[in-house]
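Written below as structure tokens is the structure these notes are about.
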Amino acid sequence: MRSQDYDRIFLSPPHLGRHELNYVHKAIEDNWVAPAGPNLTGFEQDICQYTGAQHCVALSSGTAAIHLGLIMLGVGPGDEVLCPSFTFVATANPILYLGATPVFVDSEATTWNMCPERLREAIEDRIRLGKKPKALLLVHLYGMPAQLQQLQAIAEMFDIPILEDAAEALGSRYDGRRLGTFGAVGIFSFNGNKIITTSGGGALVTDKADWAAQVRFLATQAKDPAPHYQHSVVGYNYRLSNILAGIGRGQMELIDNRVKSRREIYTWYQRNLQDVAALQFGPTEPAFGFSNRWLTTITLDPAHTDRTPEQVRQHLETHNIESRPLWKPLHQQPLFADAPRYGQTVSADLFTRGLCLPSGSAMTETDLRRVADALREILLA
Ligand SMILES: *Cc1c(COP(=O)(O)O)cnc(C)c1O
């Protein structure tokens, strides 16, 4: 650790409690360190109980969960998959792993998630061009629920199955129901920067017992039921270890507390920076939505400041405070230069004006005040 790291405020660092160690300890004592064991089963049960999903398979990452989820939806070479443009690249990479093509759909301004109108336009146009999209990937960015009712209605009308990327949205709800349980498949991430963590890890949830069994099978090298290692389909080494699942069990005991802290952080910033006219706070919660407020996001109002988010980021950096731009839209990434896109202005505008503020659940009032003072320094100057 560099000496300056001691007072650095990170964007969204891991926040461990005390109970994780008990589970990890027990795993080592009992010699359960393989990708099998009681922590793994327990962690999966915890996630089912918390989200209301019927079945859960713990995996090595959220990306792995998306990969296997898309396989379950039948995505293969040459297929097209509808995907929001405004998301982290991990949402779309597994589409490429499978030799399929992402079709990017722009956001709407209310939740910053996929726009139902653009979605319908995209589906109709892809069908007109000769190919119905094979699957729809939905994301609840920064924990804010997408307009699920409209999006689901459109997907149903065209009979396109949904994979819900709830990597950032564990604990968020739509009409009272937990996100991740609205699609045929849902996924969560337990990467170090997420609301709870296993250091690295993910999970796939589904209400179909046979799908959960198939995902478990594919995640453990697709061994046919024979003692002599027989294989008929391609498998993967994607299972979470029983040790990391132990961290997950301890973290699941804290999830409600973590959601509460993140929401309080959002409200704190909003309340204490009211006087800074240049700052607009992330998407407002619509009537249907409850957000875990994974990250507090702001946009700069050009009517009130000439500063760019990058100038603000660099200024915070001089105070040893980490902040990050909003996700750069995937339709603007060199990797996806050739991918079809439907609408691009909403996500492009958010990227130009937005910034993620430090939002770790362990932040103290002193930390928050440091961030607020630094923001005031540059935006009221
Ligand atoms: C973090 C994240 C992922 C990937 O999760 P990993 O566990 O890091 O593989 C996928 N989608 C979104 C929107 C994410 O934020």
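Below are the figures for this structure:
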| read-out | value |
| --- | --- |
| Residue within region 53-71 that is within 15 Å of the ligand (Cβ to nearest atom), open to solvent by less than 20 Å² (accessible area, probe 1.4 Å) and on the phi > 0 side of the Ramachandran plot present | no |
| Test: residue in region 231-253 that is closer than 27 Å to R370 by Cβ, open to solvent by less than 70 Å² (accessible area, probe 1.4 Å) and β-branched (V, I, T) | no |
| Residues located in region 329-351, provided they are out of contact with any Ser or Thr (no Cβ under 6 Å at 6 or more places or on another chain), touching a residue at least 24 places away in the same chain (Cβ under 8 Å) and under 30 Å from V259 (Cβ atoms) | L350, F351 |
| Criterion violated by G171 - all others in (1) buried (at least 23 other Cβ atoms within 10 Å of the Cβ); (2) on the phi < 0 side of the Ramachandran plot satisfied | (2) |
| Subset of region 285-303 that is under 16 Å from V346 (Cα atoms) and outside any strand (DSSP E or B) - its residue that is most open to solvent (accessible area, probe 1.4 Å) | P302 |
| Condition met for I243 (in a helix (DSSP H, G or I) and modelled with pLDDT under 95) | yes |
| Residue within region 334-352 that is in a loop (DSSP other than H, G, I, E, B) and either at positive phi or open to solvent by less than 20 Å² (accessible area, probe 1.4 Å) (or both) present | yes |
| Qualifying residue in region 308-316 (condition: of a type outside the set (S, T, Y) and outside any helix (DSSP H, G or I)) | no |
| Matching entry among G78, G74, G99 (being within 21 Å of N237 (Cβ to Cβ), in the same structural domain as N237 (by TED's automatic domain parsing), open to solvent by 20 Å² or more (accessible area, probe 1.4 Å) and not in a helix (DSSP H, G or I)) | G99 |
| Qualifying position, being in the same structural domain as A146 (by TED's automatic domain parsing), of a type in the set (A, V, I, L, M, F, W, C) and either without any contact (Cβ under 8 Å) to a residue 24 or more places away in the chain or more than 18 Å from T181 (Cβ to Cβ) (or both), among A27, A65 | A27 |
| Some residue of region 126-141 being open to solvent by less than 10 Å² (accessible area, probe 1.4 Å) and within 24 Å of E253 (Cβ to Cβ) | yes |
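The values are calculated or read from the model by the stated rules, or taken from the named source; none is laboratory data. These figures come from a predicted structure and were not determined experimentally. Reconstructed Cβ throughout: ideal geometry from the backbone, glycine too, with neighbour counts over all protein chains shown. For accessibility, only protein heavy atoms count, side chains too; no ligands or nucleic acids. Shrake-Rupley method; radii C 1.70, N 1.55, O 1.52, S 1.80 Å.
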